[in-house]
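Student: This is the structure I want to talk about, given as structure tokens.
The values are calculated or read from the model by the stated rules, or taken from the named source; none is laboratory data. As the structure is a computational prediction, the values presented were derived from the model and not from experiment. Cβ placement follows ideal geometry from the backbone for every residue including glycine, while neighbour counts extend to all protein chains displayed. These accessible areas exclude ligands, DNA and RNA; they are computed on the full protein's heavy atoms, side chains included. Shrake-Rupley method; radii C 1.70, N 1.55, O 1.52, S 1.80 Å.
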Amino acid sequence: MATPPAFLSLAEAAADPACGARAARLAQLGDAGLPVPRAVILPPEAVSAIAAGASPPALPGDMFPVVAIRSSPEVAGWGGPPALLNVGASAVTHSALSARVGEALASEVRRRSIQTYADRVLGLDPVDFDPAPGADAARALRDALSLFEAETGASWPKVPAAQLALALRAMAQEWAAPTARMLRQARGAPEAAGLALIVQEMVIGLGADGGAGQVQTVDGDTGERCILGRFLPEAEGPETRRSLRAPRMLTASARVAAKQVAPSLEDTQPHTVEALTSLTETAARAFGDEMQLDFVVEAGQVAILDAAPVRRSAEGAIRIAVDLAERGIIARRQALLMADPEMLTDMLHPQIDPLARRDVIGRGLAASPGAAAGVLAFSAEAVLALEARGEPAILARLETNPEDIRAMHAAAGALTVRGGMTSHAAVIARGLGRPCVVGAADMALDPAGEALMASDGRRFGAGAWITVDGTRGEVLAGEAAMRAPAPGPAFHTLLSWADAVRRLGVRANADTGADAETARKLGADGIGLCRTEHMFFEGDRLDLMRAMILAEGEGGRAEARETLRVRHTADLAQLFQAVPGQPVAVRLLDPPLHEFLPAHASDIARLADATGQSVEAITTRIAHLREFNPMLGRRGVRLGIAVPEIYDMQIRAILEAAASAPGDVVPDIMIPLVSALREVELISTRVAAIAAGLEDAPQYRLGVMIETPRGALRAGDIARASAFLSFGTNDLTQMTYGLSRDDAGRFMGTYIAEGVFRDDPFHTLDTDGVGELLTLAVERGLAGNPEAEIGLCGEHGGDPASIAFCHARGFDYVSCSPFRVPGARLSAAQAAIRAGESPG
């Protein structure tokens, strides 16, 4: 025989997660001494039994006659039936209720109880139960009772227990209804999701000194401490959120600022505002967070119905966390855990104003945070022309390539129809701090016709204004209103606490002196990756690179190489000077040579004219260099061994730049795409020979970037000839999965939705597969060379979950885009705290 439904105490319900957060909050509020009305909880299994036909239980004998019934789902986002108020108000309880609130209010409470029940349980029109114009409370009650009897053929239940049973069954059946079940499943609830019901003593806020509202003592947008909220006189709890009457301000200063004529709560009941201020402080200490309180005032006395964390912006969240710690409410380590690392990144970029209208015309991957509005441009030349006129541009491409780097420097933001989180556009945009949306597959782009077609069919041509929101992965029509970045004192305070806790170093991926300067200002511990190929796409260096590749005879190539070396040395010297005293890892050329050659006929013709060669000769050379799969071809160390003069030029430039920089600079020379010890030995020999030929050669360290599964498996051998092992997890993920990082975005959403992958492996490190390779590589590498430094320099270096993995596996540092450095510093601190390494 099934156990009949029964109520739980608040303490019992708080111990059962199925009874929901609201029930747990009420218990916590009561334990903290806040004036919470008495309550009992009907657990989910009891609610399900009632929906299936079981008889609702009676309230304990000493319980209150007039109650409110509120939903408490296990997860707030699942929703639930609205509250039923004034249950139990009847002829039996009328005398006691009149003694408490007066005859008129007792009648009004009873009328409201009938009206709510008729609406929610019987489906009658609640407007029919509104008082007739001019009717007093007694007459309005009589009219409601008569109408109820006329509509239902039965009298309104006089016994409170009968009303309670009907109300509980009604709410249980609302939760069990097919429509409600489908709605919450769409919100992520399981099919068997349960609902607890809170039965709570009713606080009557209808009198002259009564009302209801919400209060908080911090501005969630800014984190500034002040009294905010609203108050609706002569109202019950839910009315403040949906009333046709305008709510009043809580304080006189807020009333003046809002130019409101009606008096504030402080004007009429200053003692109530004082009480609310004190109660919010008590709640903050009880919950370890700033809370918004739902309150009701009956005859000047405050009761608290619920509490929820104050909604906050990124700026507000950081300031609140720091303020709570500085006030002694939470420990610093709790403040560090409270902050979201992604918030720090958001605070460094302009964002769309939360109040701005959003006309979304396309969606893709949120590749680089921040937002920017600008004129639509479909080519690098168009972007540069707009920059020359002082107009912001949004570069829109099917996908970007290395030739677009100058344009991405000049553009306010970027949009690509193809690509994933580690595509060229995504990586470059994050490094530059430009907002970027990639993989906007619901949009169509016609480069020849210079048109962008929105998901709803609208067409945007060159010169049209659009906005890219790289934080949310959305493209908007027109120029959206922006909010400027605002990293205030709390931002820097929190990061200083993080630096005191973290063990893991945080370096930056920076390709220019300007990038390195940005990284230094954002607290990077050095440069973990300088991708030198990007230097060769800047300014006239691309033309020099092309001239070197296309030169006929060694003499022509040597002349071009020497000119490049001088420019390359100057670029690297700026990089070293930007981060004095910090480590700088300079990666030798990684991409295959054909990436530097033009792809369009007009560019080939221009190059032919500049070099004096024929179009046919250049076209033949491009075809000769092109590979079927260049990512697995002659690139990285393979290029350095096959065409050693290019690496020789770079090595000399690195050493000369380090020697010319102030202080004792010890550059880290990084060999990319290493799979075998012999590759390292060959390059090491050339580095030593070049250093020996320099009059004033600096000290240097030689290390490798491990991007291939074989390189990871052979890390023990490779480490014997390497001062450091740096894992390039973008390519390592790509090669481990056999998955193109540029094309994966086209189906990644489906794979995640179907549960094939938990996350995009190019965004969050795959700790099962790629992570196992990394774990093996670290163990074998340190066995081969216990002094080897272990780092990660793929885009995973800025992802909190990936940083936690690196901390757990004993990495020395991670490296990420400059603007992700603050978030990575916080993530490293959080990893240390969660590992129990921070007692503070």
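Student: Angle, helix 554-578 long axis vs. longest principal axis of the chain, Cα atoms, 0 to 90°, nearest 10?
Tutor: The answer is roughly 40 degrees.
Student: Ignoring everything but the protein chains, give the 1.4 Å probe accessible area of PHE378 in square angstrom, nearest 10.
Tutor: 10 Å²
Student: Top to bottom by accessible area (1.4 Å), largest first, where do ARG621, ARG626 land?
Tutor: The ranking, largest first, comes out as ARG626, ARG621.
Student: ILE405 accessible area, nearest 10 Å², 1.4 Å probe?
Tutor: 10 Å²
Student: Which value, in Å² rounded to 10, gives the accessible area of THR563 with a 1.4 Å probe and all protein chains present?
Tutor: 50 Å²
Student: A follow-up question, please. In degrees from 0 to 90, rounded to the nearest 10, what is the angle of the helix 821-834 Cα long axis to the longest principal axis of the chain?
Tutor: In the chain, helix 821-834 runs at an angle near 60 degrees to the longest axis.
Student: Okay, moving on. Report, in deg cm²/dmol and to the nearest 500, the calculated mean residue ellipticity at 222 nm for the chain, where each DSSP H run with n ≥ 4 adds -39500 (n - 2.57) and the sum is divided by the residue count.
Tutor: -12500 deg cm²/dmol
Student: Sticking with this one: Relative to the compact globular guide of 2.2 N^0.38 Å, what is the alpha carbon radius of gyration of the chain, as a ratio?
Tutor: Against the compact-globule rule of thumb, the ratio is 1.18.
Student: Now for a different question. Taking all protein chains in place and a 1.4 Å probe, what share, in percent, of the accessible surface of the stretch 482-531 do carbon and sulfur account for?
Tutor: 57 percent
Student: Let me ask you something else. What is the Cα centroid distance between the stretch 527-598 and the stretch 806-840, reported in whole angstrom?
Tutor: 32 Å
Student: Excluding GLN650 itself, what net charge comes from residues whose Cβ is under 14 Å from its Cβ, given Lys and Arg +1 and Asp and Glu -1?
Tutor: That sum, taken over residues with Cβ under 14 Å, equals -1.
Student: Roughly how big is the chain's charge dipole about its Cα centre, with Cβ charges of +1 (Lys, Arg) and -1 (Asp, Glu), in debye to the nearest 20?
Tutor: 800 debye
Student: Could you look at the stretch 535-603 and say what percent of its accessible area is carbon and sulfur, using a 1.4 Å probe and all protein chains?
Tutor: 50 percent
Student: Heavy-atom accessible area per residue, the chain, 1.4 Å probe: how many Å²?
Tutor: 41 Å²
Student: So what's the net charge close to THR736: Lys and Arg +1, Asp and Glu -1, counting the other residues with Cβ under 12 Å from its Cβ?
Tutor: Taking every other residue near THR736 into account, the sum is -3.
Student: Counting C-alpha atoms alone, how compact is the stretch 60-177: give Rg to one decimal and Dmax as a whole number, in angstrom.
Tutor: Expressed in Å, the Cα Rg and Dmax of the stretch 60-177 come to 14.7, 45.
Student: On to the next question. For the stretch 736-840, what's the radius of gyration and Dmax over Cα atoms, in angstrom?
Tutor: When restricted to Cα atoms, the stretch 736-840 yields Rg and Dmax of 15.0, 45 Å.
Student: Could you state the angle between the C-alpha long axis of helix 644-660 and the longest principal axis of the C-alpha atoms of the chain, as a value from 0 to 90 degrees rounded to the nearest 10?
Tutor: Orientation of helix 644-660: about 70 degrees from the principal axis.
Student: Go through 305-315, 247-257, 181-191 and give me the packing order, highest mean Cβ count within 10 Å leading.
Tutor: 305-315, 247-257, 181-191
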